[in-house]
1. Based on this model, can you work out whether residue 60 counts as more than 26 Å from residue 147 (Cβ to Cβ), open to solvent by 40 Å² or more (accessible area, probe 1.4 Å), without any contact (Cβ under 8 Å) to a residue 24 or more places away in the chain and of a type in the set (Asp, Glu)?
2. When you go through 8, 47 one by one, which is the residue that is modelled with pLDDT of 95 or more, touching an Asp or Glu at 6+ places or on another chain (Cβ under 8 Å), closer than 20 Å to residue 96 by Cβ and surrounded by 14 or more Cβ atoms within 10 Å (Cβ to Cβ)?
3. Applying the selection to region 115-160, what residues are free of Cβ contacts under 8 Å to residues at least 40 places away in the same chain and touching a Ser or Thr at 6+ places or on another chain (Cβ under 8 Å)?
4. Pick from region 62-79 the residues that are modelled with pLDDT of 95 or more and not aliphatic (A, V, I, L, M): which of them is nearest to residue 24 (Cα to Cα)?
5. Among the residues of region 80-121, write down those that are at pLDDT 95 or above, over 22 Å from residue 34 (Cβ atoms) and open to solvent by 60 Å² or more (accessible area, probe 1.4 Å).
6. Just to be sure before I move on: is residue 73 farther than 21 Å from residue 142 by Cα and surrounded by 13 or more Cβ atoms within 10 Å (Cβ to Cβ) in the structure I sent?
Amino acid sequence: MSLAVQIRVLGEFSVAVDDAAVGGLHSARLQSLLAYLLLNRTTPQSRQQLAFLFWPETSDGQAQTNLRQLLHTLRRRLPALADALLVDERTIRWRADAPLQLDVAEFEAALARAKRTTGSERLKALEEAAAVYRGPLAPDCYDDWIQPDRERLAQHYLAALEQVVLAHEERRQYGQAIDWA
């Protein structure tokens, strides 16, 4: 039986396995790598590209060693990911059926549902998206690669909030509109 891993990268970073908090993941570099892999979870990631992205000022060999050590640390501190994260000599990727709950995925799924629906179902999906967004993407990560994703998600959040407020105003639910505003 595989364990369910819940990861939050919107707002405060947190990881839980079957609802039990996991410690030992406080390293900024470890959180950054995990966030990168999660945000790019649908496509295999080149180990060489990751090594260069995270250690651009070191030699290729040293960057590869650093990546290997960080992956080892990640697997040691979060063994529930051992089966979910597939690592070979060239790539790193998530298993498509990995038992992973990711707040960014929930946020994006709710926004997608809002685009496909209308009326009260649309409003419900927008409210769900707004509730999932608990703050900027990986706020403790200062790497350049994250900024476009952070801005994109923040803009989607603000747009969802605006739509929720407008929908409540149209329904003359002014108290709820004010709460969301």
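1. no
2. Details: 8 fails: closer than 20 Å to residue 96 by Cβ.
One residue alone meets the criteria, 47.
3. Answer for region 115-160, where residues must be free of Cβ contacts under 8 Å to residues at least 40 places away in the same chain and touching a Ser or Thr at 6+ places or on another chain (Cβ under 8 Å): just 125.
4. 69
5. If the condition is that a residue be at pLDDT 95 or above, over 22 Å from residue 34 (Cβ atoms) and open to solvent by 60 Å² or more (accessible area, probe 1.4 Å), then 113, 115, 116, 121 are the ones that fit.
6. So residue 73 fails the test.
The values are calculated or read from the model by the stated rules, or taken from the named source; none is laboratory data. This is a predicted model, so every value here is computed, not measured. In this analysis, Cβ positions are derived from the backbone assuming ideal geometry, glycine residues included, and neighbour counts consider all displayed protein chains. The protein model used for the area step is the full one, side chains on, heavy atoms only, and it has no ligands, DNA or RNA in it. Shrake-Rupley method; radii C 1.70, N 1.55, O 1.52, S 1.80 Å.
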